[in-house]
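Just so it is clear, none of the values below were taken in a lab; they were calculated from the coordinates. A quick note: this is a predicted structure, and the numbers were derived from the prediction, not measured. Positions of Cβ are generated from backbone atoms using ideal geometry, with glycine treated the same way; all protein chains shown enter the neighbour counts.
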Amino acid sequence: MNNLKRKIMYLSLFILCCCIIILLFFITHRNNVEIVSIEGTVHGEVMGELAINGDIHTNQTLRDVPFLLWNYDSYENAKQYFRLRIWNITTIMIKDDYNGTVSYTNYSMENKELVIVADMVSAYFTCNIRSGLLSINFSRLNAINQDGDFEIYLNYSSLRCEGELNHQTDEYHLDFEMLSRLDVHIDDATFQIHGARFSIPLNQTAKFEIVAIGRGIIKPTPTFTVNGTVQINEFRELSEGGQFKRSIQHLRMRSSNVTIATLIEPYCRVKDHERMIYVTPWRIRIEVHD
């Protein structure tokens, strides 16, 4: 009889331990979370898909950062446009590479502007920004993870970035770079570039303005302000210090004021000649304000 009681007691303890383990697992790994119209901050990594519905925009100050804008075909064949203006310098040197033939040409910029316009043509632009203001209105923003290829799609109905350029320390890149077959205008003079790098006088500071419409890659990834709904599948929630807290299968936030800021950029590499892919994780901070 005592053995039977002992067996029943052990079995009860075993069942209780199993229940506690299951409860703890549920608490720490609950996978459906919805945060609606509350104030709060969440840190974590986007491992799956991200979709945003609502009004999405960016107003961000950039200082001493490498900048890249790859403006290419827009979503569902919407309008695509890119224009770069450079001024406030006396000369500019253009290094152009066409079919392996490299040319160096100096142009006078005294009281002139350099203008490069791409209409329905892909334009790849990279530079180092001393100071600038980045303003974007997005028409669509989402991220998708397909078999380890993590792609961020940024579709914008308007993009403007203006400010001053830094000189590059890497001589190979000169001061800024354009990779596309485009026409360059300096007042009445017009000529074509193919894969060009531009250099400005070391003792001068070039002012610039970029205007774009379309779809593309922007580095650094902008800080997004959302009036609407943010939904993320497969989200690894972290503490502010970066320690793992839990895995969330579906995270949904809805508010008139949601901010998504990048803490660590996703690593990117070229997938083919037309686009880049990102490799997770993309670590972000989400702030919900009401």
> If each of ARG181 and ARG252 carries a label point 7 Å out from its Cα toward its Cβ, how far apart are those two points in nm?
Replying inline: 4.9
> For region 81-141, what relative contact order do you get, as a whole percent, if you take Cα pairs closer than 8 Å and at least 6 residues apart?
Replying inline: 37
>> Starting from the 7 Å offset along Cα-to-Cβ, what nm value, one decimal, do you get for the label separation of LYS207 and VAL121?
In response: 2.7
> For region 162-245, with equal point scatterers placed on the C-alpha atoms only and solvent neglected, what are the log10 I(q)/I(0) values from the Debye formula at q = 0.18, 0.25 1/Å, to two decimals?
Replying inline: -1.02, -1.59
>> On a 27 Å Cα-Cα criterion, which of the cross-link pairs LYS219/LYS245; LYS95/LYS207; LYS79/LYS219 come out too long?
In response: LYS219/LYS245
